[in-house]
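Asks: Before we start, here is the structure in question, set down as structure tokens.
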Amino acid sequence: MHSNSDRYFSAKAICQSLISGRLISADQARDLLGRERKIKEKLAAKTHSNSPGDRQRTLSDISFIDVLVYLNLNRLDKPDKVIDEDLIFKTLADSWHLPYKKIDPLKLEINLVTGTISRSFALKHLLLPLQMKDGKLVVATPNPFNQEAIADVQRVTNLKVFPIVSSKTDVERLIKEFFGFHHSISAAENLFSRTGVDIGNLERFVKLDNTAEPPSTDQHIVNAVNHLFSYAFDQKTSDVHIEPKRDICLVRMRIDGALHTVYKLPKKLHNAVVSRIKNLSALDMAEKRRPQDGRIKMLKKDQEVEIRVSTIPVAFGEKVVMRIMDPEILFQDLESLGFTPADLKKYKKLITMPFGIVLVTGPTGSGKSTTLYSSLRMLSSPEVNITTIEDPIEMIHEEFNQVGVQPAIDVTFGSVLRNIMRQDPDIIMVGEIRDLETAQAAVQAALTGHLVLSTLHTNDAVSTVFRLLDLGIPPYLIHSALTGVVAQRLVRKICPHCAQSFEMDRGELKDLGLFVPGDGPLKLKHGKGCMKCRNTGYSGRTGIYEILAYTRGLKQLTTRNANLGDMHRTAREQGLIPLQENGIKKMLKGHTTYQEILRVTWQQA
């Protein structure tokens, strides 16, 4: 911090703000002030050598805020929560009567960040341009009292500067990330003057000039692509889209099920970025007319992450989508997926039977892979042979024997499944039952004493029986082989940091298609939007499930060719709780909103 603002950042001043904010007590403050130097020495010893010069210099660089963050103290007002850096700066901002903002990188404009002030100036004074509007420039900084630097920005930009408070870590990290990415893109762009369009662009123009493009091995392109991966990991992105447009290359990321525009790259760099990704995924870089599929294996914090790559030619070039298969998401404890205790008990009973078919249904992106992988991990042991057939293999797991489907050489789900029967399997996972051949092979595997797990695309659990009939499986084989069905959806969870209660009339919900029995208004929750959830009101996702145990009564209805309505009624009588009903339970418990339940269960409404 700067000398003219030292009084705002002295240990005593910070302690007073934390006391006023009811985060620490006066006794805690006295204790902290007494231990400040000893803790700084401990931090200095962890970050530098023991030479006196380095030690003293480091001590002067370590702030009292660093000490508080290191101690990870519990809040006085909410003992179950800790005092982190964001909370410290928010509390200080409140005491200074200044706004605080948790910066959402997805809402930053890279050209504004990097084109307003220099990297060296931004890092030296920790100033991050956020927004420019009506001749005003909003900058984020941990030190809004650095008037000299703010005056310099006003003089250079000829704009009125409004500082808002953000944490030092966020400001410093984003300055480095945005300027680093911008430098890589600018350097690559400056090396090559091409504005043209490749053979895959339907609006290609003939230009008699140098049409060289940056090679995918150029270090600036390598750095830019590496930054995209790092950013995607930080944001817990499930999919990255690289989309060629007429004049730009658009980069979008899917976070918690919603797509966000992250970057707009110069169009001339599109081919180089795509070539770098194709190179990493062992695809044919020269082939731009046909779709291709590949995979990349990367390390994220010492953990392997599989990235599934798909390319396809579109109007303005090759579009790339990368699906990030994060093991932290794919392999979870079943208890953390969102099952109710009763449904979890039912599901565990289904998948621990010695033989039979258990099907998981739902649309693309509903979490079926996570349910299957998590189930297999629970079932795996040295005494069990688990074999999977996938298209493609989504995540390598050493405890499974995984086979990838290759239709080009006639290695299909059905053919592999027949061959696996000679591999002494105990449990077989089939990625998807798409046709009669696969369905017949799965039924035969179940009838010969194997547990078969697979997926199917149906709207609910009961419809799965009719889908198998449509594929051509006779009722008597379904009767003998099918054990149970799980239908599922993913809903966004209400952010715990900004959740608010409100009342809603049951009649309003009923008009929308959600029936909640009882009288009087309902107490529900929604997320107001805060720094932790990017002002969306949601943070993370959870599953809602519909568990169908294929009982004797349902089997009899199948063999009698009963209609869907009769099957639904019997399933309800025998304990089936529909998707929407389970979703309403989550809504009433404050886990999600009625909008989310309507979004994913409209078919059942």
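The values are calculated or read from the model by the stated rules, or taken from the named source; none is laboratory data. Model, not experiment: these values are computed from the prediction. Cβ placement follows ideal geometry from the backbone for every residue including glycine, while neighbour counts extend to all protein chains displayed.
Asks: Out of all the residues in the stretch 358-384, which are assigned to a loop (DSSP other than H, G, I, E, B) and surrounded by 16 or more Cβ atoms within 10 Å (Cβ to Cβ)? Before you say what the answer is, go through the steps one by one.
Replies: Step one: filter the stretch 358-384 for residues assigned to a loop (DSSP other than H, G, I, E, B), giving 362-367, 380-384.
Scanning the stretch 358-384 gives Gly362, Ser366, Gly367, Ser380.
Asks: Right, next: If you check Lys160, Lys168, which single one turns out to be buried (at least 18 other Cβ atoms within 10 Å of the Cβ), farther than 30 Å from Pro313 by Cβ, modelled with pLDDT of 90 or more and of a type in the set (Lys, Arg)?
Replies: Exactly one residue qualifies, and that residue is Lys168.
Asks: Turning to a different aspect of this structure: Scan the stretch 329-346 and give yes if some residue there is at pLDDT below 90, surrounded by fewer than 19 Cβ atoms within 10 Å (Cβ to Cβ) and over 30 Å from Val443 (Cβ atoms), otherwise no.
Replies: Looking through the stretch 329-346, at least one residue is at pLDDT below 90, surrounded by fewer than 19 Cβ atoms within 10 Å (Cβ to Cβ) and over 30 Å from Val443 (Cβ atoms).
Asks: Whether any residue in the stretch 296-312 is closer than 13 Å to Ile242 by Cα and either crowded, with 19+ Cβ neighbours inside 10 Å or under 18 Å from the mean Cα position of the chain (by Cα) (or both) is what I want to check. Working first, answer last.
Replies: Looking only at the stretch 296-312, we keep the residues that are closer than 13 Å to Ile242 by Cα, and these are 309-312.
Narrowing further to those that are either crowded, with 19+ Cβ neighbours inside 10 Å or under 18 Å from the mean Cα position of the chain (by Cα) (or both): 309, 311.
Within the stretch 296-312 (the criterion being closer than 13 Å to Ile242 by Cα and either crowded, with 19+ Cβ neighbours inside 10 Å or under 18 Å from the mean Cα position of the chain (by Cα) (or both)), the answer is yes, since at least one residue qualifies.
Asks: Quick check on the stretch 385-396: of everything there that is aliphatic (A, V, I, L, M) and outside any strand (DSSP E or B), which residue is nearest to Thr455 (Cα to Cα)?
Replies: Ile393
Asks: Of everything in the stretch 478-508, what is touching a residue at least 60 places away in the same chain (Cβ under 8 Å), among the hydrophobic types (A, V, I, L, M, F, W, C) and within 26 Å of Cys530 (Cβ to Cβ)? Give them in sequence order.
Replies: Leu490, Val491, Ile494, Ala499, Met504
Asks: Select, from Glu399, Glu437, the only residue that is part of a loop (DSSP other than H, G, I, E, B) and assigned by TED's automatic domain parsing to the domain that holds Asn563. I'd like the intermediate steps shown before the answer.
Replies: On the way: Glu437 fails: part of a loop (DSSP other than H, G, I, E, B).
Of Glu399, Glu437, the one residue that is part of a loop (DSSP other than H, G, I, E, B) and assigned by TED's automatic domain parsing to the domain that holds Asn563 is Glu399.
Asks: Under 9 Å between Cβ atoms, which residue pairs at least 6 apart in sequence (or on different chains) link something in the stretch 552-575 that is within 12 Å of Val465 (Cβ to Cβ) with a partner that is of a type in the set (Asp, Glu) and surrounded by fewer than 16 Cβ atoms within 10 Å (Cβ to Cβ)?
Replies: These pairs meet every condition: Leu557/Asp566.
Asks: Counting only residues that are over 21 Å from Ile351 (Cβ atoms) and part of a loop (DSSP other than H, G, I, E, B), how many does the stretch 402-434 have?
Replies: The initial filter retains those residues of the stretch 402-434 that are over 21 Å from Ile351 (Cβ atoms), namely 404-412, 414-416, 418-419, 422, 434.
Filter once more, so that each one left must be part of a loop (DSSP other than H, G, I, E, B): 405, 410, 412, 434.
Looking only at that region, the number is 4.
Asks: Hey, which of the helices (runs of 4 or more DSSP H) in the stretch 459-561, taking only ones fully inside, have at least 1 residues that are among the aliphatic types (A, V, I, L, M) and more than 31 Å from the chain's Cα centre (by Cα)?
Replies: Here the list reads 463-471, 475-481, 552-559.
Asks: Something else now. Can you pull out every residue in the stretch 151-161 that is more than 11 Å from Ala122 (Cα to Cα) and not in a strand (DSSP E or B)?
Replies: Residues of the stretch 151-161 that are more than 11 Å from Ala122 (Cα to Cα), as a first pass: 151-152, 154-161.
Answer for the stretch 151-161, where residues must be more than 11 Å from Ala122 (Cα to Cα) and not in a strand (DSSP E or B): Ala151, Asp152, Gln154, Arg155, Val156, Thr157, Asn158, Leu159.
Asks: Within the stretch 116-142, which residues are of a type in the set (D, E, K, R) and closer than 20 Å to Ser167 by Cβ?
Replies: Arg119, Lys124
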